[in-house]
Each structure stands twice: as C-alpha cells, then as structure tokens.
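Note sheet for the following structure.
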Amino acid sequence: MIDKILNRIKTIYLELINSFLILIVGYTPIHHFRRFFYRLCGMKISKGSAVHMFASIYKASGISIGKDSIIGEWVVLDGRDKLTIGNNVNIATGVMIYNGEHDINDENFKPTFAPVVVEDYVFIGPRSIILPGVTIKKGAVVAAGAVVTKDVEEFNIVGGVRAREIGDIKSKNLNYTLGRAAWFR
C-alpha cells in the first residue's frame, strides 16, 4: 500500500516537472532562459541551437539536439523514447515528432515506443507529423503537412499523407549553418 502511494506521488511530481513547468517555460519569450531550463530538465541542446516559443515537450531527458538547429513555434517533441535531432536541422512551425503511440490491435491498447532520428541538414516543413521508429536521413526535405510513417532516404523530398518521395535534392554537398536564433522568439 505504501509503495502504491509513493509511486503515485512520484508520478504526480514527474508530471508536474515534465508537463506543467516545461509548458510554462515554453511560453517564456526569452530564448536563453528556455534553453537553460530545458537543459536543466535533461535535454541535450548543442551550441547555437534554439527551441522557439510554445513547444510541447514530453520527457525532455530523452531529447538530443545537435549544433545550429532551429526548432520552430508550436512544435511537439516526444522524448519518451530517444529523439535525436542532428546539426543544422530546420524544423518548421507546428511539426509533431512522436516516438510513442498505442497498439490499436492490443486488447489493452498498450503504449509502444520507438526512437526517432533526424539526421543533419534536414528540413521538416510546417505541420508535418513524424511517427515512431522513423529515421529522416541527411539532407532530406519533408514537405508541409506530410505524415511520415517510414524512413526517408538521404537527399529525398517527401510529401503527402502518407509521405512518398516526390523529388530529390540536387546538391549533395550541404555545408550551410542556420541563422542565429531570435532572442525573443
């Protein structure tokens, strides 16, 4: 009985930290404060990277963001399994990256988890959805509104619901650095 009570208290504490406080931090209009707090909660954010305002973050400690990457407003980042975002990645407004879902064929609707990897120089367009277990490889582009259910190959452009290849990137020698993050965004 005591174990059950202590487990409930621990669950409430973790929800308070991982949901409520991170939500409040996401509404703070100072980039450096948000980055500091996300790091304090266990998120790995490399030099030059930014998470813009209004992000929804599930379990910050499961998320790793490389150098000079920009995460747009109203993004959902799911760290319940490992979420790895590479260097010079641009994730636009409203993107949802999930690594957890429910097994609809299980009689108990049990949750399942799989890591998501977004490699270097990827652009993910506005309102796209990336589902569990997906790897988006170097230089790929996900068009706005796409639902990505399987891996995206290097330098491919995918779009649609369910995302399919619609083209490829001509230049394979990417070496750009994304611009400096806005302080109040």
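Taking (1) within 20 Å of Gly72 (Cβ to Cβ); (2) in contact (Cβ under 8 Å) with a residue 12 or more places away in the chain in turn, Gly42 satisfies each apart from (1). Whenever a residue of segment 135-156 is in contact (Cβ under 8 Å) with a residue 24 or more places away in the chain and among the basic types (Lys, Arg), its partners that are assigned to a loop (DSSP other than H, G, I, E, B) and open to solvent by 60 Å² or more (accessible area, probe 1.4 Å), lying with C-beta atoms within less than 8 angstrom and at least six residues away or across chains, give the pairs Lys138/Glu119; Lys138/Glu154.
The set of residues from segment 129-163 being open to solvent by less than 40 Å² (accessible area, probe 1.4 Å) and assigned to a strand (DSSP E or B) comprises Ile130, Thr135, Ile136, Val141, Val142, Val147, Val148, Val152, Asn156, Val158, Gly159. Can you run down the residue pairs with Cβ atoms below 8 Å, 6 or more apart or on separate chains, where the first is in segment 100-111 and free of Cβ contacts under 8 Å to residues at least 12 places away in the same chain and the partner is open to solvent by less than 70 Å² (accessible area, probe 1.4 Å) and polar (S, T, N, Q)? Close Cβ pairs (under 8 Å, with a partner that is open to solvent by less than 70 Å² (accessible area, probe 1.4 Å) and polar (S, T, N, Q)) amount to His102/Thr112; Asp103/Thr112.
Selection over segment 39-88 of residues that are farther than 20 Å from Leu14 by Cβ and among the aliphatic types (A, V, I, L, M) gives a count of 9. In segment 24-35, the residues that are within 12 Å of His52 (Cβ to Cβ) form Cβ pairs under 9 Å with partners that are of a type outside the set (Phe, Trp, Tyr) and open to solvent by 80 Å² or more (accessible area, probe 1.4 Å), at six or more places apart or across chains, as follows: Pro29/Arg185; His31/Arg185. The number of residues in segment 97-128 that are open to solvent by less than 70 Å² (accessible area, probe 1.4 Å), under 16 Å from Asp81 (Cβ atoms), among the hydrophobic types (A, V, I, L, M, F, W, C) and in a strand (DSSP E or B) comes to 4.
Number of residues in segment 80-93 that are buried (at least 21 other Cβ atoms within 10 Å of the Cβ) and either at pLDDT below 95 or basic (Lys, Arg) (or both) equals 0.
Considering only residues in segment 1-60 that are of a type in the set (Phe, Trp, Tyr) and in a loop (DSSP other than H, G, I, E, B), the one that is surrounded by the fewest Cβ atoms within 10 Å (Cβ to Cβ) turns out to be Tyr27.
The values are calculated or read from the model by the stated rules, or taken from the named source; none is laboratory data. Remember, it's a predicted structure, so these values are computed and weren't measured experimentally. Here Cβ is always computed from backbone atoms with ideal geometry, including for glycine, and neighbour counts include all displayed protein chains. These area figures cover heavy atoms from the full protein model, side chains too; ligands, DNA and RNA do not enter into them. Shrake-Rupley method; radii C 1.70, N 1.55, O 1.52, S 1.80 Å.
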